[in-house]
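Encoded as structure tokens, the structure appears first; notes follow it.
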Amino acid sequence: MNETLLNKVIYQIYPRSFMDSNNDGIGDIQGIISKLDYIKTLEVDYIWLSPIYKSPNFDNGYDISSYFEINEEFGTMEDFHQLIEESKKRDIKIIMDLVINHTSWEHEWFKLSKDINSKYHNYYIYKDGINKSKKNIKGDVPNNWTSFFGGSAWEYDDITSKYYLHLFAKEQPDLNYDNEEVYNETVKVIKFWIDKGVSGFRCDVINLLGKTDYSNGKFKGGLTGYDKYVSTHKSHKILRRLQEEVFGPKKILTIGETVFSTVKDANIFTNKKALELDMIFSFEHMEIDAIFLKWFHRKVRFKRLINVLAKWQTEVKQNAIYFENHDQPRSISRWFKKYDERQAKLLGLLLFSLKGTTFIYQGEEIGMTNYPFSTFDEIRDIESKNVYEILTKNFKVPKKSAFKIIKKVSRDNARTPMQWENELNASFSGAEPWINVNKNLSYINVLNEINDSNSTLNFYKKLIKFKHENNILKYGDFRLNKVNNKYAIIERIYQNKVLGFIFNFTGKKTKLVLDFDILFTTNSSLKENKNFLLPYEGLVYQRKKNINDEI
Ligand code: ISL
Ligand code: CA
């Protein structure tokens, strides 16, 4: 367990949607710099930037065409240096997104890979169709693997007459980590950014690097072939090597995005004796509202959510705690229904009651919600578009129903512009933004909330301060005292002291018998001798002894 990380807070920025400095409708680095003072008021320790590298943006930067250049839309390398400098002045460290499982199909390596005699051919994974046919005949693909974005993971290439592997979109060909040269190129990339002053990396789908072999694989969670490429021994080996040779010596923080990982995997990735990653993002709590595939929703049960969180809290030592990021719908819309400030604060309290490094996604701190999409034209995300196409074309789902499925879960829900002020385009940009601004900007915006002492924003600030200062919150063991679908009591225990959190997930006022010291609640107008919980109220208490007492 890396104790220094236990009270750290990381703020994720999706640069495209954070702040636009030059009025082209797209967020950029100068925009981020202009908001560093705002971020400083949150007192977070790190900023994680979603990719800002050169990219044709099929997947908004997760398809990189040059690892050593800044996406022109976001600015220049000069701007990036300035960002590093200005962040340093404010004592905020920068974490970059590291996307090395795949490149863009516009990357120079991929272009050159089309020549089968070039060394770059072996940078990617090209295979013959099973019938060695020269044509893209249905079913002729090299194996049964499917892509995370739907359909086969193989794309036929006319120039080489072979298929290449893409676990994501066809515009994102997978790199071949059986080739030592690919590993060496990756090391160069990482070192380049470390030399620029970057303190850490959020490692995109990092447990998919090593593919065991290219035979047919098993089916799970909507994916076929997962057993051949999810958290394989090959991936573990590559990560241990990167840790030993690159990250470790420079004390670089690594957070792995590890799809399909179990608690067992998590403990392997973060095992101190053979360290691979400092911590990982798990997905299990993101799946509590899904039936089989994330596109098919089931009713949210808080008991299920809390139990999954509790499992990770008790079985994994080093956790990366998050409820939101650029891939997930907004938590408040997802786990509750309509926006309610009380619920936003309740979820904030739940997030901060957990042990580990806390991640906040831009806008979460003001309670931003899903976007009320009304037509498919408003959708920008490649995953949503691909899935819509598969649903309507392959499965003949009527367009209206397909849209209904997509709009609830689309990653675009998290990608609408940051709501700064109740002005044109939420003051994100003077021009029409690349994606619509949420209509609730008039009441959910930073400026409003700065001025309201009872706002979600001010509550988050309080939580971050609490996280930094309270040792029980930092070191305390996790214990689930009580849970059902209406209430939960989480306790953290350290040196015979107990810090407790009571959550009322219902809209009903509830009687409370508690004779401990109440530290604070989600409702700022706390009266002493509190003997009830308000609707959606969360409360923090402390007690000294009898730690085994039930409440
Ligand atoms: O969108 C998802 C959430 O359910 C996942 O399938 C997601 O694609 C997966 O978590 C991997 O995400 C990461 O890699 C992708 C990129 O599109 C995502 O934005 C990124 O976070 C490919 O690089
Ligand atoms: Ca811009």
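Quick notes on this one:
- Per the listing Asn207, Asn122, the residue uniquely under 16 Å from Thr103 (Cβ atoms), surrounded by 15 or more Cβ atoms within 10 Å (Cβ to Cβ) and in contact with an Asp or Glu (Cβ under 8 Å, 6 or more places away or on another chain) is Asn122.
- Helices (runs of 4 or more DSSP H) enclosed by segment 345-450 - at least 3 residues per element that are under 30 Å from Thr521 (Cβ atoms) and of a type in the set (Asp, Glu): none
- Qualifying residue in segment 224-233 (condition: surrounded by fewer than 21 Cβ atoms within 10 Å (Cβ to Cβ), assigned to a loop (DSSP other than H, G, I, E, B) and within 16 Å of ligand 1 (Cβ to nearest atom)): no
- Restricting attention to segment 282-303, the residues that are surrounded by fewer than 21 Cβ atoms within 10 Å (Cβ to Cβ) and under 21 Å from Leu209 (Cβ atoms) total 1.
- Asn425 meets each of the listed conditions (1) under 19 Å from the mean Cα position of the chain (by Cα); (2) closer than 21 Å to Ile39 by Cα apart from (1).
- Selection of first residues in segment 528-551 that are more than 14 Å from Asn504 (Cβ to Cβ) and of second residues that are at pLDDT 60 or above and hydrophobic (A, V, I, L, M, F, W, C), restricted to Cβ pairs under 6 Å at least 6 apart or on distinct chains, gives the following pairs, ordered by first then second residue: Gln542/Leu499; Gln542/Leu519; Arg543/Val498; Arg543/Phe516; Ile547/Ile493; Ile547/Val498.
- Flag for Phe192 being away from ligand 1 (no atom under 16 Å from the Cβ) and either in a strand (DSSP E or B) or more than 22 Å from the chain's Cα centre (by Cα) (or both): yes
- Test: Leu167 is crowded, with 22+ Cβ neighbours inside 10 Å and either at pLDDT below 95 or outside the structural domain of Ile32 (by TED's automatic domain parsing) (or both): yes
- Taking strands (runs of 3 or more DSSP E) as the structural unit, those lying wholly within segment 1-117 and holding at least 3 residues that are out of contact with any Pro (no Cβ under 7 Å at 6 or more places or on another chain) and under 30 Å from Glu421 (Cβ atoms) correspond to 9-13, 46-49, 93-98.
- Restricting segment 24-82 to residues that are of a type in the set (Val, Ile, Thr) and within 16 Å of ligand 2 (Cβ to nearest atom), the residue that is surrounded by the fewest Cβ atoms within 10 Å (Cβ to Cβ) is Thr76.
- Subset of segment 145-180 [hydrophobic (A, V, I, L, M, F, W, C) and farther than 21 Å from Ile64 by Cα]: Trp145, Ile159
- Taken together, the criteria exclude Ile92 from residues that are of a type in the set (Val, Ile, Thr) and within 16 Å of ligand 2 (Cβ to nearest atom).
The values are calculated or read from the model by the stated rules, or taken from the named source; none is laboratory data. Because the structure is a prediction, the values reported are computed rather than measured. Glycine also receives a Cβ, built like all others from the backbone with ideal geometry; neighbour counts cover every protein chain displayed.
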